[in-house]
Every structure is written in structure tokens, then in C-alpha cells.
1. Go through segment 143-158 residue by residue and turn each phi into a ³J(HN,Hα) via Karplus (6.51, -1.76, 1.60, θ = phi - 60°); whole Hz please, and just put x for glycine and proline.
2. Rounded, prolate or oblate: pick one for segment 128-249, where a ≥ b ≥ c are the square roots of the eigenvalues of its C-alpha gyration tensor, a/c under 1.5 means rounded, and failing that, prolate if a/b is larger than b/c, else oblate.
3. Only sites in a loop by DSSP and with at most 15 other Cβ atoms within 10 Å count here; which GluC sites (Glu not before Pro) in segment 210-314 make the cut?
4. How do 65, 259 line up, fewest other C-beta atoms within 10 Å first?
5. If you take the charge dipole of segment 174-322 about its Cα centre, with +1 on Lys and Arg Cβ and -1 on Asp and Glu Cβ, which of 199, 226, 242 is farthest toward its positive end?
6. Calculate one ³J(HN,Hα) per residue across segment 195-202 by plugging θ = phi - 60° into the Karplus curve 6.51 cos²θ - 1.76 cosθ + 1.60, and present them in order as whole Hz with x for glycine and proline.
7. Could you give the nm distance between label points at residue 126 and residue 72, where each point is 7 Å from its Cα heading toward the beta carbon?
8. Only four residue types carry charge here, +1 at the Cβ of Lys and Arg and -1 at the Cβ of Asp and Glu. Report the dipole size of segment 174-322 about the Cα centre in Debye, rounded to the nearest 20.
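Read the figures in this text as sums done on the coordinates, not as results from a lab. Quantities reported herein were computed from a predicted structural model and do not represent experimental measurements. Neighbour counts are summed over all protein chains in view; Cβ atoms, including those assigned to glycine, are modelled from backbone coordinates with ideal geometry.
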Amino acid sequence: MLQSAFVAVDVLCEITGFAMDDKRQNREDNPIPRQLFGDVRAKILESLGVLMGLPQWVRAFAVPLLLTVVALLDTVVGTEISFSIFYLVPVVYAGGIVSPRAGRLTALVCAFVWGYLDITNSPPYSAVWIPYWNATVRLGFFLLVNELVLALRHAYIREHRMARTDGLTGVANARVFREHAERTIALSHRNGLPFTIAYIDLDHFKQVNDTFGHSEGDRLLISLANSIAGVLRGTDTLARLGGDEFAILLPDTGDEQALILLKRVMDLLRDTMKAKWQIDITIGAVTFIDTPETVDYAVSLADTLMYNGKKQGRGRILQATWPTLAP
């Protein structure tokens, strides 16, 4: 729901960004406007995040307040100046922040309020049906805008998920893993608690593709991801880094806790994969009792440990601590 509230801002950012690019051939020549625009966008998104943290009834209560303000301003301005576009503010707010149904209901109320003010404050029309026709047209316009916002919201959510999840297994991708790892490193540096990164690789996965085909290999990867995800805690992160390689981030987890959890993962995967596909897995896990400099360095240590496990015979968990790196 939080991402859905950001649709209008992100779409506006994209449109404005294209306009900025059209006005200058090389954006590098003058980066100040784009940087300023990005700061404004960040502030707006931050404010929307605070707003979405409020209870729904509080957010819904703001809809009649917005509509009242717009109606009062419409009354003050008078009929000579068109004011109907400002009724889109409560409509878009209700549809994007509260719910789609609230957006449609607000569109109906806005059209009614605008029509009532038009009838009561405007000079007589040449025909009785004209103000009702105008109100109906406004209602159609408000509903159309609300539906467009909803369509953009759904498209944004879909693209957002595709950009942050692995398309095959549905688990996090490398980008999300990096974000979570960076946050974990920062928290570990602040509170001094350890964390663990485990690197998982399937043994002889190529044989599955060669023998049964890539479709069966895909089913194996999906089964692997679902099995691991069912064992992990809510605070842990499972990501597919590419091919048959996965990584697990275990925040606030020492070496003993990590080993217990990884043994559960190993036993579960062996029960499911050895019986059906006749393959095993190798895991390299590094527990960081001090904070590494970068995520890439931390992952490379777990990756190296995993390959050492393969050299020692595959199908095993090789664990170490950092900075000592004593397996």
C-alpha cells in the first residue's frame, strides 16, 4: 500500500525528468536542477511515508476536509473562474492514499458538490438540463482520472516487484540483498551484534539441466527457494544471486545460531532434492563479529568459503568467523 501511494509522485517525476532532458541535450552540463528536483521528490516521498503510517481512519478523515476546503475556495472564487480541476485533489488523495472505493465515492461527491455550487451561484442557463449535464461530465472526468491513477498504481507495484524479486523463484534478487546487507552492516556497527552471510550452491546442477532439461532445472530452483524460505525467520533474507547460487542474510545471528539454522536447511533440502534429483548442496557461511567494509567483500568471503567446501568434497557446510576466518 505504501508503494501505491507513491505512484502519482513517481509518474510526475518521470514526466518532469523527460521534460528536463528535452530542454537540454546533455544533462551533465547543468546537474543542479535535476539534483534539486531529486531532493524535492525525496521529501515528498518521505512525507507520504509518514502519512501512510497513520491509521486508515485518520487518512480517510482528511478526505472530507480536503473537499470542504476546495468547496469553500470555489465559493469564494465565484463562477467566472473555472475551479473544477482542484476537485481532483481530494479524488486523487482518496484513491491513492485511502482506497480505490474511496476514490470513486469521492469523485461522485465532488461532482455533486461542484454541480450544486454551479446551480446555486451561476446565472440561469439557457436550458434547465445544462448544469446537470456539466455535473455529469465532471463526474466522468473525476472517475476517469481516478481509474488512471489506479491503473498507474498497479503498474508501478508490478514493476516495483519485478525490479526487486527474482523472476523465477520469487525470492529477493541481488539488489535487495545488497540493500538489506548494507542496513544490517550499519546496524551491526551501531549495536555491536554479529550477523551471518551464507552462500549456497547446488552440486552438479548442470547434470539436472543436461539430463532432464532446463524446465526441470527451473522446478528444482523453485523448490529449493520455497524450502529455504519456509525455514528462515521473518528477519532473514533469502536471495537468488544468479544461476543456482543463493545467499542468506541472518541479522543478529552468531555462529552457533547460524549453524543450527543452516543444518536445518541442509537436512530439509537433502530430503527433498536427493530423493528426486539426486543432487546435494554446499554452503559457505561467515559470521561477522566485526563489520566488514563493504557488502561485496562480505559476500566474497562466504563465496570463497563455499568453494573451499566444494574442493573438500561438496555436500557440506563450511563455517568461519570474521575477522579471524577460522573454519
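1. 5, 5, 5, 4, 5, 5, 4, 5, 5, 5, 4, 5, 5, 5, 4, 5
2. The shape class here is oblate.
3. On the way: sites: 216, 245, 256, 293; in loops: 293.
For GluC sites (Glu not before Pro) across segment 210-314 that sit outside H, G, I, E and B with at most 15 neighbouring Cβ atoms in 10 Å, the list reads 293.
4. With the sparsest Cβ surroundings first, the list reads 65, 259.
5. Most positive-ward Cα: 226.
6. Taking θ as phi minus 60°, the curve returns 8, 10, 10, 10, 10, 10, 9, 6 Hz for segment 195-202.
7. 3.7
8. Dipole size: approximately 280 debye.
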